[in-house]
Structure formats: C-alpha cells, structure tokens
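Working notes, structure below.
Nothing in this text is a laboratory measurement; each read-out follows from the coordinates by a stated rule. Here the structure is a predicted model, which is why all the values come from computation and not from measurement. So basically every Cβ, Gly included, is an ideal-geometry build from the backbone, and we count neighbours across all protein chains shown.
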Amino acid sequence: MAVTDFFVGEITTELLKNLIALSRKSCNSRGIAEELKTSVEQLLPIIQEIKYSGVELPAERQFQLDRMSEVLQNGLELVQKILATPRWNFYRHVRLAKKMEALEKTVSRFLQGPLQVHILADVHHIRAGMDQRFDRLDWSNRTLEQRLGTLKIGTCGGGGVGGGWMEEAVRRVEEEGQMKWEVSSSVVLGLGVGMKTVKGMIFGREDLRVVGICGIGGSGKTTLARELCKDDQVRSYFSDRILFLTVSQSPDVNQLKAKIVQFIMGNQILSPNSVLPQWNLQYEWITATKTLVVLDDVWSLAVLEPLLFKIPGCKFLVVSRFKFPTVLNATYDVELLREEEALSLFCHSAFGQKSIPPAADKNLVKQIVNKCKRLPLALKVIGASLKDQPELCWANARSKLSKGEAFCESHENNLLKRMATSLDCLSKNVKSCFLDLGAFPEDKKIPLDVLTNMWVEIHGIDEEEAFAILVELSNKNLLTLVKDARVGDIYSSCYDISVTQHDVLRDLALHLSNDGSVNERSRLLMPRRETELPREWERDSDQPFHAKIVSVHTGEMKEMDWFQMEFPKCEVLILNFSSDNDYLLPPFIENMPKLRALIIMNYSTSNCILNGFSVFSNLTNLRSLWLEKVFVPRLSTIPLKNLRKIYIILCKISNSLDQSTFPRLTELTIDHCDDLFQLPSCICTMPSLKNLSVTNCHSLYQLPADLGRLQSLQILRLYACPALQTLPASICDLLRLEYIDISQCVNLRCLPMDIGKLASLVKIDMRECSQISNLPKSAAALQSLRRVVCDEDISWMWRDAEKALPELHVQVVEKHFDLDWLDE
C-alpha cells in the first residue's frame, strides 16, 4: 500500500477537526462545511478499514486512492486558509466557500462512483477466492476417493488391519496436494515475455480467432495459461468471461462441447450428452461478447476441431505440446528459463530457498542444473528428488544424467515417463525415428541429410516420407528444425536445414533405447564422449550384438582401444569423435555385413587422419558415406560399387577423388573443402549422378570441360565458390538439369551462351552475382523456367525474359550474411 494511503486516515481526521472549527468561525462557509463534514464522516470508516486491512491493492485501485488522498490534502490546506482569514474579509470568505463547494462535489462523486465499484470488485474477488478454495477441496476429495478406492487390505505390525496402508494413502494425498498447489505459493518464473506475447495475440486482433501456446512437455505451457487467466488486464478485457478446460488424451468431446456452449450462452443448462444443433454453432449474436476459452492439454487435431466454435467475440487459446498449423492463426512457442531463473527454481525444489546454501557444493549443484537444460519440469523433479540427499547421491545423479539414465525412481516416474506420453500419439515408424535421434551428440546440430539418409536406409522409406516425419516431429515439439525459411524447398542443400533437440528429449530417447539387455537392443548408443568403449560392451562381446544402429562417441582411438564385436544386423554405424591427429577405424566394421550407412564425424577444431580403411573391403552393401573434418583417403582404392551417396564436409580433399569411379553414385556433396582447386574429370564418368553439390569451396576455380556428360544430372549446386569465373559450355548439354545454384560466385562473369538449351530447367539461384552484366538471348527459350532468385542489381536483366516466359517469377532478395556455420 502506498505511503500516501497509509496516512490518508490521519489526513481525513485532521480535516474533520478543522471543518468543525471553521463552521463556528465563518457563517459564509458554515453550511458547506457542515455538508462536507457529513461526507467525510461517511468516508472516514472506509479509509480506516483500508488503512488497517493489510491487503495490497491492484495498481488501478491504488491510483484512485492516491488521487483521493491528494483531494483530501487539498481540502486540509483550504480549511487552514479559511481559519487564517479575518472575519471582516467577506470577499475572501466567499471565494474560499466556492472552492469548498467544489471539494464537497469531488468527495461526493468518489462516494457515489468509484467507491461503489471498489465494493463490487471486493465482492467478486471474495467469490473467486471461494471458488478456488472449493475447487481445491473438490480436487483433494476426488484424489482421496481414488486412493481409498484402490486401497488394499493388508497387515500392519503383525495384527493391525490396514493401518499402514491408510497412513501411506493419506501421506501421498498430502504430498500430491502440496505439489499441485505449490505454484500458487512460489514466484512464477520466466513468464514475462510469454505473457506479453500472448496478450498481444488475444487483445484487439480480430483476425486471430484461435491462438496457441506450444512447447515440449514440462516447459511451463499450462502455468503460463493459468497465469494469463488470473491476470487483471486479461480478466478486465474479457470482463471475467474466461473458461478454462482440460482436454487430456481421452476426452469426452460432447461433454466439452456442452460446457463451452453452456458458458457462452450464459450458463444455460445443457445435458453433457445432448446433441448440439448446427444453428447453435453458427448462431450470430447481435452484440458480440468478448469471451476467452482456454483448451489445455490438447493432444489431437480430431479432438480440437469440433471444439472451435465460430462465435463472434469468442477467442480460443489452445495449450498443447503439438503445433496445429491448420487451425491456429498464431502460435507462441514457450521459451525456456534463463540461467539464473533455472538455478532459482531448482534451489526452490531442492533446498526450499532461491539460492544455493553455503554448505552445498556450488559446482556440483550448477552441473546438475546445467543437465536440466532450463526445462522447468526437469528442474523441479530432479531438485525434489535430491532434496535432503547426501552428497554422494548428488554425484551419482550427475553421472547418471550425463549418460541419459534415470538416477532414481522419482526421476524416472515423474520426468521421463511423463515426457514419454508425448510419444503415445506417434505411429510405430515415427516413434522409431524419434528414438534414432539419441545416436547423435548432445548440443550439436544434425544436418538434414544425415537423418533422412539414415532413415531411408534403415526404415525402408523414401526421402519425401523421411522429411515428412521430420516435420511431424517438429510440429509435436520433439525436435527443432533450424532455418525454417527454406524448409520444404526440394532443392535445399544439406546445410540449409539442420535439426536440434532439447537434451531432456535426447535423454528420453536414450532411456527408451537402453531398455533390455545390451546384446538385444535395436540401438547400441554411447550417450556421451568417453575415452574408451563402455565396459558392458566389452563384458558381453563374446555374444553377437543385434543392434541395427550403433553409435560410438570417443576421442582419439588407436588399435589397442578397440576390441572385436559381432554385429550381424547392423545397418547404420555412426562414429562421433574428437581428434586432431589420427583416428583408427574400428576393426569390427568388418563384422557388419549388412552395413548400409556409415557416418564419420570429427568434432575437433582440426582435421584428423583416418587409418584402417582396409575394413571397407567387405562392405559390399554400403550405400551412404558421410565424412566430416578428416583427411579424405584415396577413394579409388576402396571397392564400393554399390555406393549411392557421398558427403565430404569440412575435409582436406587434395587428390582423393582422382580416378574414382562409382557406377551407381546418385549424389555427391562437397562442402567447405578449402583445398579443392579443380573438380576432377573422373566425376563426369559417373552415369547415375543426379545431384552434384560443390559449395563453400573458396579455392575452386575450374570445373571439368566435359561436365555435360552427366546426362542424369538434375541438380547442380555451385554455391559460394568465389574463385570460379566461368562455367563450361557443356553445361548446356545437361538436358535433365532442373536446378542450378551459382549464388555468391562473386567473380562469375557470365552465363553460358546456349543456356536456352536446358529444356528442363525450373529454377536458377544467382544471388550476389554482381559481375554478370548481361543475359544470353537464348534465356528467352527456357520454357520450363519458373523461378529466378537474384539481387535487385541484376533483376533488370530478366525483364525481357519475363515477357517471353509468362510463368516466370523473378524473386528479388536482400543480401544475407550468416555466420552460423562458425558454430560448427
């Protein structure tokens, strides 16, 4: 309560005393003073009640009382002036009497207007508070009934019946009740940005009828929605017409529809099973009443759509782990807590205070908080699980969390199993793809092509379906697609789109994948980088491992660091490591006769030398090879006749491609290889090649003259090769070429003269090609061309071609500078 309001009672008392004296002194002011005295006597008990109530008021009401305090203070000063005025000064008495009359009117208006509204607001708050208390009692009663309903009769202390079970049931009810309502007694953290954003979507935006709050499980979506419903500004905007419904996974849709219609129609009684006629859903009110319906914990579009009535003035706020782009007009993706907020929430759960106690190991606490990755549910569950536990238990929890394992029953039941409910709505194939994400290191971006190629090989799906699964997992907030601006472009390169995943979701994938004996798992995964292979692998290496996916995460490995293992069913091997020197390929690759995809990723700052390529001699089924940040060996010495795709990323390539021949190769990607000066002509002898991507190779200055021999080529990507000045004329013989990307080839001088012969060309991307000064006349013959992406500087060249090609669209883009690749 403001200081001015605290003293407003004393001000009013003093004013009353002076008015009594004034009424005796001045006959001109006596009548008005008597009337004002009566008003103040009515106001004084209310002021005194506010003064001694100890209740903090909302800002708007506090402001009104501040203004009233100023009026009373002015009245006190006015009375003092009248007392100081001589009896013979009638003119001054008359002038002050007019001011006194104005003061009396101001006080009367307050008594008859705002004060009445204050009383109504207090009555409403009392009613709302009682409703919440009754709701809590109802919830506690229902929970107690459920516990008692499932209560078993047992023996206690040898002869007692049921006593121990009853005590346990009561204790669990009390604990759950405390957990449920804990949020009301603690400071809600990290909601400021979310509150502001969602308010901007529901206030004054008639075009946004259905908006959503989305995020991964445990990110605070429901907490944000409940705080919005309690917010004074939101309640005032909707005149307290707010309905909060929990939908859940198996709802009674007809009952929910009846509740919504009943609420909107003014609490008209409807049977939960009554059939709602169509006219009720489309009824047009003459005056639209602002109403907010919050649908929490929505799991499927089939349940959501019937609940979204089209009624004027009615807005819907959908809270879900999943995105519903077809029905939501706008979505707020819940942001995770900041570091200091995460630490405060964890400490509240673990220590009952908002900071680390002096006696606790600060480094250990912060390490465990970091493993929670700012997810509110993880912070609360793990913090509560470690409360009052000895330091050895904390150290064990740190170790288990690093491996993606549950460190206690509470952690498994309250966090991992709760997070696992997000997977219940997934098909078997999509859930399997989600679990595959545990094969990659934490906090690393996963290139799109790594995932899609792995899924194509191991799940027997095509690339389009693999990409659709990625989008589905993204819409369900089970992963994040980075660089969404180009998602869906069939010509996107491997680094245009990448995937990230929250570490708690990765831990869930690891936890579910590690179920069962190590030899029988379908995925054999190392959750973090170790100096050696897991001991349980070595302990069970005398028996075959039946995993289809094997992921190894180590540092520099030599011959003595490996041991023999049998993998008769392995189809995907991922080697994640960090080495600046040498890395010996595992000898057990020879024992993977079904291996179809090999992914080798070095996360060090420097390239390393791969040794042991002789193990490739038995890989007759290998179809996809990914090499990253290594010295590429001479591929011509490796017999890989069935290889379909090769990716060479951030590598030292030198002459490793010379004399290479892969008769079935369909895709070759070379990216960020700074020692590639000329593309070897042997590439032109690969008759099945459909996609050739040579990007970010700053030293590349020449392409083979007979590039036109690649008669199957459909995509040619030469992005960001600044040393390239010309394109070979034979490119015009690529009759199946659909897309060419020469963006950021800043020294490229011209396009081939016969470019018009490219009868299948659909798209040209030529951003930041400022050296190209004119367009060949033959460009007007590109009848299949639909889209050209370029800068404003050269867009004028395509004006004449646009007239000749009515379906052509020239897209002018601004220059874009992106340093995200430095994070890799």
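Structure above, values below:
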item	result
Nonlocal amide H pairs with Ile670, under 5 Å, H built at 1.01 Å	Ile648, Ser693, Val694, Thr695
Computed E for Val813/Lys400 - FRET, C-beta separation, R0 45 angstrom, nearest 0.05	0.40
Packing-based order for 525-531, 546-552, 385-391, using average beta carbon neighbours within 10 Å, highest first	546-552, 525-531, 385-391
Lysine pairs within segment 519-666, Cα separation less than 15 Å, 8 or more sequence positions apart or different chains	5
Difference of contour (0.36 nm per residue) and Cα-Cα distance, Val482 to Cys393	28.3 nm
Partner lysines for Lys98 [C-alpha distance under 30 Å; skip if fewer than 8 residues away on the same chain]	Lys17, Lys25, Lys37, Lys81
Rough spin-label spacing in nm, given labels placed 7 Å along Cα→Cβ, for Asp231 and Asp424	3.0
For peptides 663-674, 299-310, sequence by mean Cβ density within 10 Å, most packed first	663-674, 299-310
Descending Cα extents along the principal axes, segment 676-823, whole Å	41, 36, 24
Whichever lysines have a C-alpha closer than 20 Å to that of Lys777, once near sequence neighbours (fewer than 8 apart) are set aside	Lys757, Lys763, Lys803
Calculated from backbone phi, Karplus (6.51, -1.76, 1.60) coupling profile of segment 325-332 in Hz, x at Gly/Pro	x, 7, 10, 7, 6, 7, 9, 9
Hull volume in cubic angstrom per residue (convex hull over the Cα atoms of segment 519-666)	99
Additional length obtainable on full extension of the chain from Met560 to Thr661, 0.36 nm per residue less Cα span	33.0 nm
